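Asks: Structure in structure tokens, see below.
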Amino acid sequence: MADLPAQIEELWARAAQLGPDDSDAMAVVTEAIDLLDRGAARVAEIDPGSGTVVVHRWLKAAILLLFRLRSMSVVEAGPFEYVDKLPLKTGYEAAGVRVVPGASARWGSFLDRGVILMPSYVNIGAFVGADTMVDTWATVGSCAQIGARVHLSGGVGIGGVLEPPNAAPVMVGDDAMIGSRSMVTQGARVGEGAVLGEGVILNSGVPVIDADTGEELSRGMVPPWSVAVSASRRRQYPGGEFFLPCVLVIKRLEPGERHDKAQLEAALRDHHGTT
Ligand SMILES: CC(C)(COP(=O)(O)OP(=O)(O)OC[C@H]1O[C@@H](n2cnc3c(N)ncnc32)[C@H](O)[C@@H]1OP(=O)(O)O)[C@@H](O)C(=O)NCCC(=O)NCCS
């Protein structure tokens, strides 16, 4: 279909008038979501030149349009019943993806070869790179971009971002490891190979501080090949002294080095074995 982004933008401009009967609009939107589903397009990526996050707004608009265009339908699986507007992803075996019962991913998310979904959730527009483990009760929010060979530990919450359409999603680099129950939201970025301890709260406003120098390295960006844990910083307010969360970089790794507590176990990832 010619100039899909322009067609989506045109539909977005008159989104309020669209509804479930608009089959022409649905055909256009379906084409865009299929691109996401196959990994042929990504909602956001890092510009290799500048290192900044480029958001493809039209793809987020396509996702939002999908919610307008689809009606609710009932889906049953054994004794379980669901009611939703969006279908689930399919074709895992051919895609080389392992999906443990209790896990679900929506159509329009992309799971690259070797991904393992323990009972977890991956929302529309999310991209999950090859051989990444999404562990039990982890959630990958809409449009979040997760690299290859990442470990999202149990209960990790990766925030989603559909509104406003130009907001940047969370980006997690290749080979990163996010400790259990950490929350990474609001366009925060975790660099390649970084290791986050358990319970890290990272959003785009949380200071990331170097433990060696005391320097504030960034707000919401954990540097590549670093080890960072949850900490708190003293803040003075009119009402008194309080401690707000920060993220403390306690170690630096060599590029390509995997922390010994973040080693991957091949047997867990081998699609021919069992876990
Ligand atoms: C973050 C991590 C790599 C740190 O391990 P390490 O490099 O060996 O460092 P240490 O254990 O020596 O900890 C360094 C310091 O950080 C502190 N620390 C460790 N984990 C912490 C956490 N989650 N939050 C806050 N502080 C933490 C330690 O108490 C220690 O403090 P000290 O210097 O006063 O002794 C490791 O704790 C880890 O892998 N955590 C994630 C585990 C996880 O979620 N696994 C997934 C299972 S599904």
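Bear in mind these aren't lab numbers, they're just calculated from the coordinates by the rules spelled out. Just so it is clear, the structure is predicted and the values come from calculations on it, not from any experiment. For neighbour counting, all protein chains shown are included, and Cβ atoms are generated from backbone atoms with ideal geometry for every residue, glycine included.
Asks: Cut-off is 10 Å between beta-carbons; in what order do 121, 237, 82 appear when sorted fewest neighbours first?
Replies: Final ranking by Cβ density, sparse to dense: 237, 82, 121.
Asks: At 25 °C and 0.890 mPa s, grab the translational diffusion coefficient of region 1-79 from Stokes-Einstein with a Kirkwood Rh over Cα pairs, rounded to a whole number in µm² per second.
Replies: For the chosen part, D equals 177 µm²/s.
Asks: With angles folded into 0 to 90 degrees, how steeply does helix 57-69 sit against the dominant principal axis of the chain? Use alpha carbons for both and round to 10.
Replies: So the helix axis and the longest Cα principal axis differ by about 50 degrees.
Asks: Using the alpha-carbon centroid of each, what span in Å lies between region 101-163 and region 27-48?
Replies: Each part's Cα centre sits 16 Å from the other's.
Asks: In addition: Charges on Cβ only, +1 for Lys and Arg, -1 for Asp and Glu, centred on the Cα centroid of the chain; of 126, 238, 224, which one is farthest towards the dipole's positive end?
Replies: 238
Asks: Related question: Name the residues whose placed amide hydrogens come within less than 5 Å of the amide hydrogen of residue 122, ignoring near sequence neighbours (fewer than 5 apart) on the same chain.
Replies: Answer set, sorted by chain and number: 104, 105, 106, 140.
Asks: Suppose R0 equals 30 Å; then what is the FRET efficiency for residue 82 and residue 198 from their Cβ-Cβ distance, rounded to the nearest 0.05?
Replies: So, using R0 = 30 Å, E works out to roughly 0.45.
Asks: How long is the gain from residue 210 to residue 136 if the chain were fully straight, where each residue apart is worth 0.36 nm and the alpha carbon distance is subtracted? Working shown, then result.
Replies: Working: separation 74, 0.36 × 74 = 26.64 nm, distance 3.07 nm.
My answer for the length gained is 23.6 nm.
Asks: Starting from the 7 Å offset along Cα-to-Cβ, what nm value, one decimal, do you get for the label separation of residue 251 and residue 167?
Replies: In this crude spin-label approximation the distance works out to 3.4 nm.
Asks: Now, a different point. Rank the residues 127, 243 as a footprinting-exposure proxy: fewest other Cβ atoms within 10 Å of their Cβ go first.
Replies: 243, 127
Asks: Under the Karplus relation 6.51 cos²θ - 1.76 cosθ + 1.60, θ = phi - 60°, what is the ordered set of whole-Hz ³J(HN,Hα) values for region 214-227, x standing for Gly and Pro?
Replies: Rounded to whole hertz, the list is x, 6, 7, 7, 5, 10, x, 10, 8, x, x, 6, 10, 10.
Asks: Hey, with R₀ at 25 Å, roughly what FRET efficiency would residue 16 and residue 52 work out to, going by the Cβ-Cβ distance, to 0.05? Don't jump to the answer; show the numbers that get you there.
Replies: Numbers: r = 32 Å, r/R0 = 1.28.
Rounded to the nearest 0.05, the efficiency is 0.20.
Asks: Quick one: if the Förster radius is 25 Å, what FRET efficiency do residue 24 and residue 107 give, using the C-beta to C-beta distance and rounding to 0.05?
Replies: Result of the calculation: an efficiency of 0.80.
Asks: Starting with the fewest neighbours, write out 161, 222 ranked by other beta-carbon atoms found within 10 Å of each beta-carbon.
Replies: Ordered from fewest to most neighbouring Cβ atoms within 10 Å, 161, 222 come out as 161, 222.
Asks: Next question, about the same structure. Residues with amide H under 5 Å of residue 218's amide H, sequence separation 5 or more or different chain, H placed in the peptide plane at 1.01 Å from N; which?
Replies: Correct list: 208.
Asks: Next up: Mean-square fluctuation check for the chain, GNM, Cα pairs under 10 Å: which of 136, 30, 52 is largest?
Replies: Taking springs between Cα atoms under 10 Å, the residue moving most is 52.
Asks: Starting from the amide H of residue 195, placed 1.01 Å from N in the peptide plane, find each other amide H under 5 Å away whose residue is 5 or more places distant or on another chain.
Replies: Under 5 Å from the amide H of residue 195: 177, 226, 227, 228.
Asks: With a cut-off of 12 Å, note down the residues of region 123-150 whose backbone N falls inside the zone around a label point 7 Å from the Cα of residue 70 toward its beta carbon.
Replies: Counting only backbone N, you get 123-125.
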